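Asker: Here you go, one structure.
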Number of protein chains: 2
Amino acid sequence: MTLLSQFEIQEIDQTVLLWLNDIRQKTIAAMQQRLDVHEKRDNRDLVTNVDQDNEKFINDKIRHFDAEAHIVSEEGFGDHNQDMNGRVWFVDPIDGTMNFVKQKTDFAVMIALYEDNQPVLGWILDVVNNVVYHGGPQIGVFANQLRLKPPIDDNLSEGIVLLSGARLLYGMFGYDKIAKAALGYRVIGAAGPSFIRVIMGQAIGYSSKMMPWDFAAGQVLAKTLGLSVSDIDGKALDMLSSNIVLVATNRAHRDILTLHQS
Amino acid sequence: MTLLSQFEIQEIDQTVLLWLNDIRQKTIAAMQQRLDVHEKRDNRDLVTNVDQDNEKFINDKIRHFDAEAHIVSEEGFGDHNQDMNGRVWFVDPIDGTMNFVKQKTDFAVMIALYEDNQPVLGWILDVVNNVVYHGGPQIGVFANQLRLKPPIDDNLSEGIVLLSGARLLYGMFGYDKIAKAALGYRVIGAAGPSFIRVIMGQAIGYSSKMMPWDFAAGQVLAKTLGLSVSDIDGKALDMLSSNIVLVATNRAHRDILTLHQS
């Protein structure tokens, strides 16, 4: 199959929205039951039965729908991709598992599709508020059915920046300088909900160290809306390893890169 | 008038819920218009036409309903109380004005009633999600009509703590030690939404430097649910000046006081 047409992209978008409708219902039903929570690397890195069930469900749907594609996903049911040739799907079955377990809010389900390393479509499902942020460069970005406009291009000093709490606390990546230069900062504790706030113009930027499934969908949506996405040194993100990701308005992105290099 | 009866307290609760229904509609309508934003002390301390209109509306309702009482409120339409004798109302017409202006979420409207320095009733209106957290020691605590149970008494190391971002960033009040000892920390940027998360058991504690209108309602609800509320040294809060407020589960409160004294 060659590069996807706009018609095919719209069909894919509609198909994944149906999957996410099922995922939302399954996730809400599971939240009424007792969660089965396990530690991965340590007690701050959690996985639940919902993460695993959602990933199995989504990856199974993808494999039936697009058998040639590869899948990069968090909980071990994906492939071990060596490159970004062809179509690659990214799946984060519960982004913000700590928030999911402890706060029952500020978590998301994220899916993205890239073709030959180019962003095609991204989906961020805010389960609790029943909103899917979705789209890509061919079709625009939507909050459910509502087409989103590009956020206002505010400077760092004019807006709220979102940062990884742990990295700020331990003095990493110059986050203290960024926080002090911004009008204010907030710590949400999950990538999807943070990307949503930047896409919606509620925050002027967000930075954290992330794995590809954490930023793949957000990058598609943010770039489509004209926001800047790079690593903290201004380089393009590596889609197959961890990156210190920076998404921001163009002006705040420039301000943060300048601060980081000073 | 002597101390309020349970019947009178229920009547007051219902009356204030009606005011808050009006306030919610007025606030949402105003959010569709252009906000008139002014700086108070500096560009991080904001006031809008909505703060002022809401405070005038609420204070006017209180003065008609309870002419003997005094009012302590944020935007200058209250009294200059010298003591906590008799009935004192606390009004925060928009708590989290920065979030209101920039994020359009994570703000609240808060009202509280004390009698002879004792908590009687508190109301925290989450405008965006259309939930009022309300109640007091005589009637219990409710999220709209749903009666809330006391949160699980988790330790600091078992839960997420909410902290004032500015104070953490500038190394104040030992917040870095608290953040490191907790399972995780978040910065929400407003008192009402932070109190809500502690009351709902989503976070094990919250600390910030606050004025009385920031903590008056939250203290009523938190104490009614068996949570601990004090200043960071464990002393009772002064209802007529600023305090470094700590609200937490009993176990996390003990953990944080121990950390703070070490």
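Asker: Taking the Cα atoms of the range A:152-262, what is the range of coordinates along each of the three principal axes, in descending order and whole Å?
Answerer: Answer, in whole Å and largest first: 31, 31, 24 Å.
Asker: Something else: With +1 on the Cβ of every Lys and Arg and -1 on the Cβ of every Asp and Glu, and nothing else charged, how large is the dipole of the protein assembly as shown about its Cα centre, in debye rounded to the nearest 20? Write down the numbers at each step before the final one.
Answerer: Details: 48 positive and 66 negative charges, 73 e Å.
Magnitude of the dipole: close to 340 debye.
Asker: Which of B:Thr258, B:Ser164, B:Gly184 sits farthest toward the positive end of the charge dipole of the range B:156-261, with +1 on the Cβ of Lys and Arg and -1 on the Cβ of Asp and Glu?
Answerer: With unit charges placed on the Cβ atoms, the residue in question is B:Gly184.
Asker: If we hang a label 7 Å off Cα along the beta carbon direction at B:Leu259, how far is it from the matching labels on the other copies, in nm, shortest first?
Answerer: Listed shortest first, these distances are 2.5 nm.
Asker: With each label point set 7 Å from Cα along the Cα-Cβ vector, what nm distance links A:Asp238 and B:Asp83?
Answerer: In this crude spin-label approximation the distance works out to 7.0 nm.
Asker: A further question follows. Placing +1 at every Lys and Arg Cβ and -1 at every Asp and Glu Cβ, with all other atoms neutral, what dipole size does chain A have around its Cα centre, in debye to the nearest 20?
Answerer: Values: 24 positive and 33 negative charges, 185 e Å.
Value, rounded to 20: 880 debye.
Asker: In percent, what relative contact order does chain B have, based on Cα pairs under 8 Å that are 6 or more apart in sequence? Before the final figure, lay out the partial values.
Answerer: Values: 527 pairs, mean separation 41.5, N = 262.
The normalised contact order for chain B reaches 16 percent.
Asker: From zero outward in steps of 10 Å, how is the percent of C-alpha pairs of the range B:6-147 spread across the bins?
Answerer: That works out to 11, 43, 33, 12, 0, in percent per bin.
Asker: At B:Asn129, label 7 Å along Cα→Cβ: distances to the other copies, nm, ascending?
Answerer: Distances between equivalent label points, in nm: 1.1.
Asker: Return the whole-Å distance between the Cα centroid of the range A:90-116 and the Cα centroid of the range A:22-57.
Answerer: If you average the Cα positions of each part, the centres end up 11 Å apart.
Asker: Give me the log10 of I(q) over I(0) for the range B:101-187 at q = 0.12, 0.20, 0.24 Å⁻¹, as the Debye formula computes it from C-alpha points; what are the numbers?
Answerer: Result of the Debye calculation: -0.57, -1.10, -1.07.
Asker: Give me a single rounded figure for A:176-189: the average over its residues of other chain Cβ atoms within 10 Å of their Cβ. Mind dumping the intermediate values first?
Answerer: Working: counts 3, 0, 0, 6, 3, 0, 1, 6, 11, 6, 11, 11, 4, 5.
Rounded to a whole number, the mean comes out at 5.
Asker: Give the relative contact order (percent, whole number) for the range A:6-147; include only Cα pairs under 8 Å separated by 6+ residues. Write down the numbers at each step before the final one.
Answerer: Details: 228 pairs, mean separation 25.3, N = 142.
In percent, rounded to a whole number, it is 18.
Asker: Separate question: I'm checking a number: the convex hull volume of the Cα atoms of the protein assembly as shown, normalised per residue, in Å³. What is it? Mind showing how you got there, number by number?
Answerer: Values: hull volume 73.6 nm³, N = 524.
That works out to 140 Å³ per residue.
Asker: Also, I was wondering about something else. For a 23 Å ceiling on Cα separation, which of these pairs sit above it: B:Lys104/B:Lys235; B:Lys177/B:Lys235; A:Lys180/B:Lys209; B:Lys209/B:Lys235? Present the calculation step by step, with values, prior to reporting the outcome.
Answerer: Working: B:Lys104/B:Lys235 35 Å; B:Lys177/B:Lys235 20 Å; A:Lys180/B:Lys209 18 Å; B:Lys209/B:Lys235 14 Å.
Beyond 23 Å: B:Lys104/B:Lys235.
Asker: Continuing with this model, one more query. Under 8 Å for C-alpha pairs, at least 6 residues apart: give me the relative contact order for the range A:156-261, rounded to a whole percent. Let's see the in-between values first.
Answerer: Details: 185 pairs, mean separation 29.8, N = 106.
Relative CO of the range A:156-261 lands at 28 percent.
Asker: Within the range A:66-88, list the residues whose amide N lies under 20 Å from a label point set 7 Å along Cα→Cβ of A:Phe7.
Answerer: A:66
Asker: Residue separation times 0.36 nm, minus the C-alpha to C-alpha distance between B:Lys149 and B:Phe65: what's the value? Don't jump to the answer; show the numbers that get you there.
Answerer: Values: separation 84, 0.36 × 84 = 30.24 nm, distance 3.08 nm.
Answer, rounded to one decimal: 27.2 nm.
Asker: What's the Cα-based Rg to Rh of the range A:1-64, Rh via Kirkwood?
Answerer: On the way: Rg = 15.7 Å, Rh = 13.9 Å.
Dividing the radius of gyration by the Kirkwood radius yields 1.13.
Asker: May I pose another question? Report the far tail of the P(r) of chain B, meaning the percent of Cα-Cα pairs longer than 34 Å.
Answerer: Values: 4314 of 34191 pairs.
Beyond 34 Å sits 13 percent of the P(r) for chain B.
Asker: Quick one: among B:Val72, B:Val187, B:Val50, which has the greatest mean-square fluctuation in a GNM of chain B with alpha-carbon springs under 10 angstrom?
Answerer: B:Val187
Asker: Hey, in the GNM for chain A with a 10 angstrom Cα cutoff, which one of A:Leu246, A:Leu17, A:Leu113 fluctuates hardest?
Answerer: A:Leu17
Asker: Among chain A residues, which Cβ is nearest the axis of the A-onto-B rotation, and at how many Å?
Answerer: A:Val187, 2
Asker: Could you check the simple spin-label distance between B:Met172 and A:Thr258, using points 7 Å along Cα→Cβ, in nm with one decimal?
Answerer: 2.8
Asker: What is the mean number of Cβ atoms from other protein chains located within 10 Å of the Cβ atom of each residue in peptide A:96-102, rounded to a whole number? Could the numbers behind the result be given before it?
Answerer: Numbers: counts 0, 0, 4, 4, 0, 2, 12.
Going residue by residue through A:96-102 and averaging, the value is 3.
Each value in this text was obtained by applying a stated rule to the coordinates, not by laboratory testing. A quick note: this is a predicted structure, and the numbers were derived from the prediction, not measured. Cβ atoms come from the backbone with ideal geometry, glycine included; neighbour counts cover every protein chain shown.
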